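**Q** Below: one structure in structure tokens.
The values are calculated or read from the model by the stated rules, or taken from the named source; none is laboratory data. Small disclaimer: the values here were computed from a predicted structure and weren't measured. As a convention, Cβ positions derive from the backbone with ideal geometry for all residues, glycine included, and neighbour counts pool all protein chains shown.
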Amino acid sequence: MKNRIFLVTQLAILIIVTMILGCSSEKTYNEEITAKAYAGEQSDVIVYLISSDYPHYENLGELVTLSTDIVIATILNERVEWLNAWVGDIPEEIDPYEIFTIYQIEIHEVFQGSNEVGQIVEVTQLGGKMECTHFINEDRAPLYIGDNLLLFLRAPYTDDFPFVLMNPSQSAYRLNDAREEDGMMNVDEVLEGVHPYSDLFFTISDLITLLDTCWQDY
């Protein structure tokens, strides 16, 4: 399994298509879009389709073992920023900054990791829109403000970088439909990932049992 979860080098970004569109006609990933777009000014929009190489986990046990943090959280808001995702020395000819969408989440339950209930942290994934530059991540997990999610995360490599999903397709499970009428969690409801290619299906009970077994092995 490759040990890089999210790092994207310039060679990994494949510029597949470039389109020229009007800013005012495009929907945005981010609600805090620039005033220029709202004003309806026409300018060039450059769209990049990008992808990266992510690990695939064969089963829930492997995903749990390699995740540093497993939490239930709600997405509060999102923004888009240029971030430096490189670890180690950066070649002089490489621009290390890429566009990432950053989600601010509030934690409601902690299954694994050092986070606390009520804590607000940030999670990021590659891609987003800033002004008239669109980076569309083909592997992106569809995450939305207000979603209540079970998340499998890796802790930041550096203090100034957010948490990252273990991969886009197996790391986020929407819990909105896994609630009883009284609001309590239905721990026996089979969860499905938010990503269309998610291939792990399990319940909260399965996760708790697996975590108990893991702790007994230590």
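**Q** Just for strands (runs of 3 or more DSSP E) wholly inside segment 102-186: which have at least 3 residues that are more than 17 Å from ILE72 (Cα to Cα)?
**A** Output list reads 128-130, 133-137.
**Q** Among the residues of segment 187-217, which ones are aliphatic (A, V, I, L, M) and in contact with a Pro (Cβ under 8 Å, 6 or more places away or on another chain)?
**A** Of everything in segment 187-217, just one residue is aliphatic (A, V, I, L, M) and in contact with a Pro (Cβ under 8 Å, 6 or more places away or on another chain), namely VAL194.
**Q** Same structure again: Are there any pairs, at least 6 apart or on different chains, whose C-beta atoms fall under 6 Å, with the first in segment 55-75 and closer than 15 Å to ILE208 by Cβ and among the hydroxyl-bearing types (Ser, Thr, Tyr) and the second modelled with pLDDT of 95 or more and outside any loop (DSSP other than H, G, I, E, B), and if so, which?
**A** Partner pairs satisfying both residue conditions: SER67/PHE152.
**Q** Any chance segment 167-189 includes a residue that's surrounded by fewer than 18 Cβ atoms within 10 Å (Cβ to Cβ), of a type in the set (S, T, N, Q) and modelled with pLDDT of 95 or more?
**A** No: segment 167-189 contains no residue that is surrounded by fewer than 18 Cβ atoms within 10 Å (Cβ to Cβ), of a type in the set (S, T, N, Q) and modelled with pLDDT of 95 or more.
**Q** Let me ask you something else. Just the residues that are out of contact with any Pro (no Cβ under 7 Å at 6 or more places or on another chain) and under 12 Å from VAL123 (Cα atoms), please, taken from segment 150-159.
**A** Residues of segment 150-159 out of contact with any Pro (no Cβ under 7 Å at 6 or more places or on another chain): 150-155, 157-159.
LEU151, PHE152, LEU153, ARG154, ALA155, listed by residue number.
**Q** Among (1) under 26 Å from GLY61 (Cβ atoms); (2) crowded, with 19+ Cβ neighbours inside 10 Å, which single condition is TYR103 missing?
**A** It is condition (1) that TYR103 fails.
Residue-wise test of (1) modelled with pLDDT under 90; (2) basic (Lys, Arg); (3) exposed (fewer than 13 other Cβ atoms within 10 Å of the Cβ); (4) within 15 Å of LEU165 (Cα to Cα).
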position: LEU83; (1), (2), (3), (4): yes, no, no, no
position: PRO91; (1), (2), (3), (4): yes, no, yes, no
position: ASP95; (1), (2), (3), (4): yes, no, yes, no
position: GLN112; (1), (2), (3), (4): no, no, no, yes
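**Q** Are any residues in segment 106-148 under 15 Å from the mean Cα position of the chain (by Cα), small (Gly, Ala, Ser) and more than 24 Å from VAL45 (Cα to Cα), and if so, which ones?
**A** GLY146 - this is the single residue of segment 106-148 that is under 15 Å from the mean Cα position of the chain (by Cα), small (Gly, Ala, Ser) and more than 24 Å from VAL45 (Cα to Cα).
**Q** Let me ask something else about it. From the list LEU126, LEU149, pick out the single residue that is closer than 20 Å to SER51 by Cα and among the hydrophobic types (A, V, I, L, M, F, W, C).
**A** Details: LEU149 fails: closer than 20 Å to SER51 by Cα.
Sole residue among the options that is closer than 20 Å to SER51 by Cα and among the hydrophobic types (A, V, I, L, M, F, W, C): LEU126.
**Q** Do the conditions hold for TYR103, that is, is it under 21 Å from PRO156 (Cβ atoms), at pLDDT 85 or above and under 15 Å from the mean Cα position of the chain (by Cα)?
**A** yes
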